[in-house]
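A.B. asks: Following this message is one structure expressed as structure tokens.
The values are calculated or read from the model by the stated rules, or taken from the named source; none is laboratory data. No experiment lies behind these values; they were computed from the predicted model shown. Counting neighbours? That spans all protein chains shown, and the Cβs are built from the backbone with ideal geometry, glycine included. Keep in mind that these areas ignore ligands, DNA and RNA; they rest on the heavy atoms of the full protein, side chains included. Shrake-Rupley method; radii C 1.70, N 1.55, O 1.52, S 1.80 Å.
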Amino acid sequence: MTFELTLMIGSLFLLAGIGMPIAYAIILAAMVYMISSGTSVGLVGKTLVDGIYQSFLLLAVPLFIVASNIMNAGTISDRLLNFCIATVGRFKGGLGHVNVMASLIFSGMSGSAVADAAGIGKIIINMMRKDGRFPPGYAAAITAASATIGPIIPPSIPMVLYALVSNASIGALFLGGIGPGLLMGGVLMAMNYWISHRRGFATEEAVPLRELPKVTARAFPALMMPVILLYGIYGGVTTPTEAAAVAAAYALILSVFFYRALKLRTLYTILVDSARSSAAVGIVIGSALILNYIVASENIPALLAAYLVEVDVSPLTFFLAVNLLVLVLGCLLDATTIILVIIPLFIPTCNLLGIDLVHFGVVIVVNCMIGLITPPYGILLFVINAVTGISLRDIIREILPFLAVLVAALLALIFFPGIVLFLPRLFGYGG
């Protein structure tokens, strides 16, 4: 490493270590690099602004945030929960299954794990705790675990960010996330079923089958959100960014005119909250683009790729090593930072080793989501703790079995690429 790069990395670790938000730490460390290398500090601002405003794809991020906040604000949550209870509540550990299924459905609307956990997750936790049906720690743990599915099934904000740094097809990434998302839901439901039998958890009263069509009809318009999204992209009707705008407009029309569940004052609050969330994501993206510029200037990705090829690392060994690194980093860093700062280092090596970028991207996003529930710093654990007041110790103790089956699902995605690539290839993806 050059002296300037060493100085920048040292500054970054120092600033992050004293508690500065990672985005601001990166920006200040980049300024240290520019000053020490004799480059204009103004290049930091130029790179940040140009990187954000010249990427049409990034417009999808605030639009998906708006869509998810609108969908969470109205009676849509209640309708979807009733649908989930009617379909899977009758099985052993019913509300645990409802929890996972609700996350599968809401993942087709929000694209954010934190939004799922803080929104619909809080409602289900209260339902599970009522009358002592489930221990508080267990209710919180399965909610955090199921919320990881949110950014896997489209729409997915992390996949949009990965497409930005890798130039992989966003449509193929979205389709590639459906199989893994269903697999994650399946293993979580299986674990919930096993634990419920072992610990004697409650089963909900079965909803009569004659009521199912009515409950489904009430939830059907909301269930169509991911269908409209994917048809728009793969039907050639919209770009991914335009599809995000359609999703936001559809959510608004559904909440205001169809369900009549959204008032003007509530809409104003939603837009303000969405703007704040978008700004928080935007500053992380901008700082990561600055860091990526410096890394590219130092030619680090090419040097790393050349070294790995020289030592004759097999694609599978490389893939496993990167995932192990991401799993460890997930305990300390958020998914956005990992995808925007760490992953670009490995993209050239993936190209050299013949690793499909859609397969690689989906697996990395799944890995980053698992990091959200990995102790000691899994952000979803803190979010659930903050919105429910349930002890962090109880949540961590109960989440370990769910963490184990999600890691097993991750390994399955690595060893069996078809789980990820089946649907993209079915729709014409050539990878």
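A.B. asks: With a 1.4 Å probe and every protein chain kept in, tell me what percent of the accessible surface of the chain is carbon plus sulfur. Could you put the intermediate results ahead of the total?
C.D. replies: Values: 12230 of 18120 Å².
Carbon plus sulfur share of accessible area: 68 percent.
A.B. asks: For the range 141-172 and the range 226-243, what is the separation of their Cα centres, given in Å?
C.D. replies: Here the answer is 16 Å between Cα centres.
A.B. asks: When the Cα atoms of the range 222-325 are enclosed in a convex hull and the volume is divided per residue, what value in Å³ results? Don't skip to the end; give the middle numbers.
C.D. replies: Details: hull volume 19.4 nm³, N = 104.
In the range 222-325, the Cα hull volume divided by residue count equals 187 Å³.
A.B. asks: Taking 0.36 nm per intervening residue step and subtracting the Cα-Cα distance, what contour gain separates ALA190 from VAL328 on full extension? Working shown, then result.
C.D. replies: Details: separation 138, 0.36 × 138 = 49.68 nm, distance 2.58 nm.
Extra length from ALA190 to VAL328 when fully extended: 47.1 nm.
A.B. asks: Something else now. How far apart, in nanometres, would the label points at LEU352 and ILE35 be if each is projected 7 angstrom from Cα along the Cα-to-Cβ direction?
C.D. replies: Modelled inter-label distance: 3.5 nm.
A.B. asks: A further question on this structure: Can you figure out the FRET efficiency of ASP78 with THR2, using R₀ = 51 Å and their beta-carbon distance, to the nearest 0.05?
C.D. replies: Numbers: r = 58 Å, r/R0 = 1.13.
Step by step, r from the Cβ atoms, then E = 0.30.
A.B. asks: Hey, another quick one. Tell me, what is the FRET efficiency for ARG198 and ALA412 to the nearest 0.05, using R0 = 22 angstrom and their Cβ-Cβ distance as r? Spell out each step's value before the answer.
C.D. replies: Details: r = 24 Å, r/R0 = 1.08.
The computed FRET efficiency comes out at 0.40.
A.B. asks: Between ARG425 and ASN126, how high is the FRET efficiency from 1/(1 + (r/R0)^6) when r is the Cβ-Cβ distance and R₀ = 35 Å? Nearest 0.05. Could you put the intermediate results ahead of the total?
C.D. replies: Values: r = 42 Å, r/R0 = 1.21.
Working from the Cβ atoms, E equals 0.25.
A.B. asks: Could you check the simple spin-label distance between PHE258 and ASN299, using points 7 Å along Cα→Cβ, in nm with one decimal?
C.D. replies: For PHE258 paired with ASN299, the spin-label model returns 5.5 nm.
A.B. asks: Then there's this: Could you compute the net charge surrounding LEU400? Neighbours are other residues with a C-beta less than 15 Å from the C-beta of LEU400; K and R count +1, D and E count -1.
C.D. replies: Values: positive: ARG198, ARG199, ARG393, ARG397; negative: ASP394, GLU398.
Taking every other residue near LEU400 into account, the sum is +2.
A.B. asks: Can I ask one more? For the chain, what is the calculated [θ] at 222 nm in deg cm²/dmol (nearest 500), taking -39500 (n - 2.57) for each run of four or more DSSP H residues and dividing by its residue count?
C.D. replies: Rounded to the nearest 500, the figure is -23000 deg cm²/dmol.
A.B. asks: For SER287, SER11, write out the residues from largest to smallest accessible area, computed with a 1.4 angstrom probe and no ligands counted. List each step's numbers first, then the result.
C.D. replies: On the way: SER287 0, SER11 25 Å².
The ordering from most to least exposed comes out as SER11, SER287.
A.B. asks: Now a separate question. For the range 165-211, what is the convex hull (Cα atoms) projected area averaged across all directions, in square nanometres? Each step should come with its number before you reach the end.
C.D. replies: Details: hull surface 24.6 nm².
The Cα convex hull of the range 165-211, projected and averaged over all directions, gives 6.1 nm².
A.B. asks: So, one more: For ARG129, what accessible surface area do you get with a 1.4 Å probe? Give it in Å², rounded to 10.
C.D. replies: Near enough 90 Å² of accessible area.
A.B. asks: Just grab the label-to-label distance for ALA386 and TYR268, each label 7 Å out from Cα along the Cβ direction, in nm (one decimal).
C.D. replies: Inter-label distance under the simple model: 2.5 nm.
A.B. asks: Under a 1.4 Å probe, what is the accessible area of the chain per residue, stated in Å²? Don't skip to the answer; put the middle values down first.
C.D. replies: Values: 18120 Å² over 431 residues.
Normalised by residue count, the accessible surface of the chain is 42 Å².
A.B. asks: Moving on. Summing +1 for each Lys or Arg and -1 for each Asp or Glu, what net charge is found among the other residues whose Cβ lies under 9 Å from the Cβ of GLY137? Write out the running numbers ahead of the final one.
C.D. replies: Values: positive: ARG393, ARG397; negative: ASP394, GLU398.
With Lys, Arg at +1 and Asp, Glu at -1, the net is 0.
A.B. asks: From the alpha carbon gyration tensor of the chain, can you work out the equivalent ellipsoid semi-axes (sqrt of 5 times each eigenvalue) and give them in Å, largest to smallest? Walk me through the numbers before you get to the answer.
C.D. replies: Values: eigenvalues 266, 113, 96 Å².
Computed over the chain, the values are 36, 24, 22 Å.
A.B. asks: If you don't mind, there's one more thing I want to ask. Around LEU254, what is the net charge, scoring Lys/Arg as +1 and Asp/Glu as -1 over all other residues with Cβ under 13 Å from its Cβ? Each step should come with its number before you reach the end.
C.D. replies: Working: positive: ARG79, ARG218, ARG260; negative: none.
So the environment of LEU254 carries a net charge of +3.
A.B. asks: While we're looking at this one, here's another question. Residue separation times 0.36 nm, minus the C-alpha to C-alpha distance between LYS46 and MET20: what's the value? Could the numbers behind the result be given before it?
C.D. replies: Values: separation 26, 0.36 × 26 = 9.36 nm, distance 2.24 nm.
Gain in length upon complete extension: 7.1 nm.
A.B. asks: Further, regarding this structure: Quick check: residue separation of ALA249 and PHE13 times 0.36 nm, minus the Cα distance between them. What number comes out in nm? List each step's numbers first, then the result.
C.D. replies: Details: separation 236, 0.36 × 236 = 84.96 nm, distance 4.20 nm.
Working it through step by step, the gained length comes to 80.8 nm.
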